[in-house]
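Each remark here refers to the structure printed beneath this line.
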Amino acid sequence: MAKLILAIDDDKLVHHIIEESLAGFCKIIHAKDGDEGLRLTKKYKPDIILLDIEMPGKSGFDVCQVIKKNEQTKDIPVMFLSSNIELADRVKGYSAGASDYIAKPFNAQELMARIKVLYEYRQQGIKLKNDVEHAEKTAQIAMTESGDMGRIMRFVGQSYHANNFQLLSEYFLAFFTPFNLDVVVVFWYKSQGIFYSLQSAVCPLEQELLEQHRYAQRFVDVAASTIINYPKVSLLIKNMPVDDTAKFGRYKDLFPHILEITNEKAITIQNNENSYEQAAQIGIALEDIVKQLVSQNQAQNSITKQFIEQLHELDCAIKLQKESDKLCDLTPYFTKLDQTMQLFTSANSDLAFIKCQLKQISETRNELLVSLRSNAGELVLQNTTENNDIELF
């Protein structure tokens, strides 16, 4: 089925550019203002809405808010079209409910690429809705825990069994289900973010918002959303209860505990990944050394054979000289022997270099083993502490 795009803009030229840019890629319907756009949205329920901000009558922000308040249309991704590129405008767009933001003028390739991302985001959202039953079961299990500390202790126990970010994110997101909060978590791994969400897919603006504030202070409040930052993990709470002062303060006191635990686990996962990569590199290096040793052994055998043949030739020349009782020039024989001795010297130098490489790899391997044993010891200690704490609790 072709993608259905609704373009809402008061500029005929923009509609023409959109039509030209997306021709053959998707089906497009057009609206000249906000009221017509809302009517067509309700009637056709498009896959994606392209929405101008500055229009006569309802602004793009107003139209977006109406779309997001309607149960039938709230899940449709909205991309704002605007010549304003300041971060404050993008944040305002996100607060209104937009999923992405593209600056005018735009080119066909950029628009098509962003449409593809939003369409994939929409499909992910539809798929995740089918998993609501699973989420509700998880919530029921979590609700049986006695209070906030019970939930935290349950997460602590689960997190020790998580050996990758996917599993850790499932436990982490399940923690927030009983609070009826829509959250996004990102793990900062190797200079990039790995994003997860339970309620819906993670839209481009949410990713941008988290990336923009990664190195900001611990708490960042954006309208009704709150970002909580730790070095290896950040949390975006999209529906923070800002009007409920008591609950708002309680959440800000409680959630850093779960993030601190998650941050430490993320560090452990990253260290383990680094160890696996280092072990793989050691394996590759050892394979290379084995190849070098085989080649070196063949070279040594060849040189030795050559040396024996040259000694034999020299011995024959000396015997012939004695039998004929005539002096002959033995210099060429000694020259060949000198050259062969130089080859021996070079081969020994190569062998010494290989031994040095082997020593370095051995030291790296020993360091890795010490690190792995240390991590294993910490895990045993943590598990012991965990069991004792739960028993006491």
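The values are calculated or read from the model by the stated rules, or taken from the named source; none is laboratory data. Keep in mind that this is a model prediction, so the values were computed, not measured. Because the Cβ atoms are built from the backbone with ideal geometry, glycine has one as well, and the counts that use them run over all protein chains shown. For accessibility, only protein heavy atoms count, side chains too; no ligands or nucleic acids. Shrake-Rupley method; radii C 1.70, N 1.55, O 1.52, S 1.80 Å.
Report, ordered by the first and then the second residue, all pairs with beta carbons closer than 6 Å, sequence separation of six or more or different chains, a first member in segment 4-25 that is farther than 15 Å from MET112 by Cα, and a second member that is among the aliphatic types (A, V, I, L, M) and modelled with pLDDT of 90 or more.
Within 6 Å, the pairs are ILE8/ALA31; ILE8/LEU51; ASP10/MET55.
Criterion first (in contact with a Gly (Cβ under 6 Å, 6 or more places away or on another chain), free of Cβ contacts under 8 Å to residues at least 60 places away in the same chain, closer than 21 Å to ARG122 by Cβ and surrounded by 15 or more Cβ atoms within 10 Å (Cβ to Cβ)) does ILE28 satisfy it? Show your work before the answer.
On the way: in contact with a Gly (Cβ under 6 Å, 6 or more places away or on another chain): no; free of Cβ contacts under 8 Å to residues at least 60 places away in the same chain: yes; closer than 21 Å to ARG122 by Cβ: yes; surrounded by 15 or more Cβ atoms within 10 Å (Cβ to Cβ): yes.
No, not satisfied.
Among the residues of segment 347-368, how many are open to solvent by 70 Å² or more (accessible area, probe 1.4 Å) and in contact (Cβ under 8 Å) with a residue 60 or more places away in the chain?
Matching residues across segment 347-368 total 2.
For segment 317-335, does any single residue satisfy the condition of being farther than 30 Å from ASN164 by Cβ, free of Cβ contacts under 8 Å to residues at least 40 places away in the same chain and among the small types (Gly, Ala, Ser)? First the steps, then the outcome.
Initial filter on segment 317-335 (farther than 30 Å from ASN164 by Cβ): 317-335.
Add one more test, that the residue is free of Cβ contacts under 8 Å to residues at least 40 places away in the same chain, and what stays is 317-335.
Right, trim to among the small types (Gly, Ala, Ser) and you get 317, 324.
Checking segment 317-335: at least one residue is farther than 30 Å from ASN164 by Cβ, free of Cβ contacts under 8 Å to residues at least 40 places away in the same chain and among the small types (Gly, Ala, Ser).
Name, by its number, the condition in (1) under 30 Å from LEU358 (Cα atoms); (2) more than 56 Å from the chain's Cα centre (by Cα) that does not hold for THR304.
(2)
Take segment 78-119 and flag every residue that is touching a residue at least 60 places away in the same chain (Cβ under 8 Å), farther than 20 Å from ALA224 by Cα and of a type in the set (D, E, K, R).
LYS104, ARG114, listed by residue number.
Considering only segment 198-221, state which residues are among the polar types (S, T, N, Q), modelled with pLDDT of 90 or more and closer than 18 Å to SER95 by Cα. It would help to see each step written out before you state the result.
Residues of segment 198-221 that are among the polar types (S, T, N, Q), as a first pass: 199-200, 207, 212, 217.
Filter again for modelled with pLDDT of 90 or more, leaving 207, 212, 217.
Residues satisfying the conditions are GLN207, GLN212.
Residues to consider are LYS12, LYS27, LYS3; find the one that is modelled with pLDDT under 95 and in contact with a Cys (Cβ under 6 Å, 6 or more places away or on another chain). Quick ask: steps written out before the conclusion?
On the way: LYS12 fails: in contact with a Cys (Cβ under 6 Å, 6 or more places away or on another chain); LYS27 fails: in contact with a Cys (Cβ under 6 Å, 6 or more places away or on another chain).
Exactly one residue qualifies, and that residue is LYS3.
Quick one: how many residues across segment 319-357 are more than 60 Å from the chain's Cα centre (by Cα) and within 30 Å of ALA285 (Cβ to Cβ)?
0
For residues that are within 25 Å of LEU40 (Cβ to Cβ), basic (Lys, Arg) and modelled with pLDDT under 85, scanning just segment 73-132, find the one that is most open to solvent (accessible area, probe 1.4 Å).
For segment 73-132, the residue satisfying everything is LYS129.
Can you spot a residue in segment 370-378 that is modelled with pLDDT of 75 or more and among the acidic types (Asp, Glu)? Break it down into steps so the answer makes sense when it comes.
At the first step, the residues of segment 370-378 found to be modelled with pLDDT of 75 or more are none.
The answer is no, given that none of the residues of segment 370-378 is modelled with pLDDT of 75 or more and among the acidic types (Asp, Glu).
Please work out if ASP288 is in a helix (DSSP H, G or I), closer than 30 Å to ARG365 by Cβ, open to solvent by 60 Å² or more (accessible area, probe 1.4 Å) and in contact (Cβ under 8 Å) with a residue 24 or more places away in the chain. Reasoning before the result, please.
Details: in a helix (DSSP H, G or I): yes; closer than 30 Å to ARG365 by Cβ: yes; open to solvent by 60 Å² or more (accessible area, probe 1.4 Å): yes; in contact (Cβ under 8 Å) with a residue 24 or more places away in the chain: no.
It is false that ASP288 is in a helix (DSSP H, G or I), closer than 30 Å to ARG365 by Cβ, open to solvent by 60 Å² or more (accessible area, probe 1.4 Å) and in contact (Cβ under 8 Å) with a residue 24 or more places away in the chain.
If you scan segment 181-221, which residues turn out to be open to solvent by less than 30 Å² (accessible area, probe 1.4 Å) and either among the aliphatic types (A, V, I, L, M) or farther than 25 Å from ARG114 by Cα (or both)?
Across segment 181-221, the qualifying residues are LEU181, VAL183, VAL184, VAL185, VAL186, ALA201, VAL202, LEU205, LEU209, LEU210, VAL220.
Find all pairs meeting these conditions: Cβ atoms under 7 angstrom apart; at least six residues apart or on different chains; first residue within segment 243-258 and under 24 Å from LEU168 (Cα atoms); second residue open to solvent by 20 Å² or more (accessible area, probe 1.4 Å) and in a helix (DSSP H, G or I).
So the pair list comes out as LEU254/ASP148.
Going residue by residue through segment 246-257, is there one that turns out to be under 30 Å from GLN192 (Cα atoms), crowded, with 16+ Cβ neighbours inside 10 Å and touching a His at 6+ places or on another chain (Cβ under 8 Å)?
Scanning segment 246-257, I find no residue that is under 30 Å from GLN192 (Cα atoms), crowded, with 16+ Cβ neighbours inside 10 Å and touching a His at 6+ places or on another chain (Cβ under 8 Å), so the answer is no.
Just checking, which of ALA174, ALA224 is in contact (Cβ under 8 Å) with a residue 40 or more places away in the chain, aliphatic (A, V, I, L, M) and either over 21 Å from VAL91 (Cα atoms) or surrounded by fewer than 20 Cβ atoms within 10 Å (Cβ to Cβ) (or both)? First the steps, then the outcome.
Values: ALA174 fails: in contact (Cβ under 8 Å) with a residue 40 or more places away in the chain.
Of the residues listed, the single one that is in contact (Cβ under 8 Å) with a residue 40 or more places away in the chain, aliphatic (A, V, I, L, M) and either over 21 Å from VAL91 (Cα atoms) or surrounded by fewer than 20 Cβ atoms within 10 Å (Cβ to Cβ) (or both) is ALA224.
When the residues of segment 258-285 are filtered to those that are hydroxyl-bearing (Ser, Thr, Tyr) and surrounded by 15 or more Cβ atoms within 10 Å (Cβ to Cβ), which remaining residue is modelled with the lowest pLDDT?
Going through segment 258-285, the residues hydroxyl-bearing (Ser, Thr, Tyr) turn out to be 262, 268, 275-276.
Keeping just the survivors that are surrounded by 15 or more Cβ atoms within 10 Å (Cβ to Cβ) gives 262, 268, 275.
Details: THR262: 94, THR268: 90, SER275: 77.
It comes out as SER275.
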